[in-house]
1. Please determine, by comparing only the residues of the stretch 2-24 that are part of a loop (DSSP other than H, G, I, E, B) and under 12 Å from Pro36 (Cα atoms), which one is modelled with the highest pLDDT.
2. Please find, among Val43, Val27, the residue that is assigned to a helix (DSSP H, G or I), aliphatic (A, V, I, L, M) and at pLDDT 95 or above.
3. Select from the stretch 3-13 the residues that are in contact (Cβ under 8 Å) with a residue 40 or more places away in the chain and buried (at least 17 other Cβ atoms within 10 Å of the Cβ) and list them in ascending order.
4. With the requirement that a residue be surrounded by 13 or more Cβ atoms within 10 Å (Cβ to Cβ), touching a residue at least 12 places away in the same chain (Cβ under 8 Å) and not hydroxyl-bearing (Ser, Thr, Tyr), what does the stretch 14-27 give you?
5. Yes or no: Tyr42 surrounded by fewer than 14 Cβ atoms within 10 Å (Cβ to Cβ) and among the aromatic types (Phe, Trp, Tyr)?
Amino acid sequence: MLTAGERSVREVGEESGFSGGNYFSKVFKRHMGMTPVEFREYVRREGYSKMQI
């Protein structure tokens, strides 16, 4: 949802069941090692194929 369309981080967080964008961002960064915005920019620049998860 972060890379498809132009939803805000808040919208993605709420649609994913989080109470808002701030908490979603905190949990996302803890698990992914980057913020949702950094992830969005990385995937748009590099693509999923280079993603090391």
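1. Filtering the stretch 2-24 for residues that are part of a loop (DSSP other than H, G, I, E, B) and under 12 Å from Pro36 (Cα atoms), the one modelled with the highest pLDDT comes out as Ser8.
2. From the options Val43, Val27, the qualifying one is Val27.
3. Going through the stretch 3-13, the residues in contact (Cβ under 8 Å) with a residue 40 or more places away in the chain turn out to be 3.
The answer is none; no residue qualifies.
4. Of everything in the stretch 14-27, those that are surrounded by 13 or more Cβ atoms within 10 Å (Cβ to Cβ), touching a residue at least 12 places away in the same chain (Cβ under 8 Å) and not hydroxyl-bearing (Ser, Thr, Tyr) turn out to be Gly21, Phe24.
5. no
The values are calculated or read from the model by the stated rules, or taken from the named source; none is laboratory data. Fair warning: this is a prediction, and the values are worked out from it, not measured in the lab. Ideal geometry is used to build each Cβ from the backbone, glycine not excepted, and the neighbour counts take in all protein chains shown.
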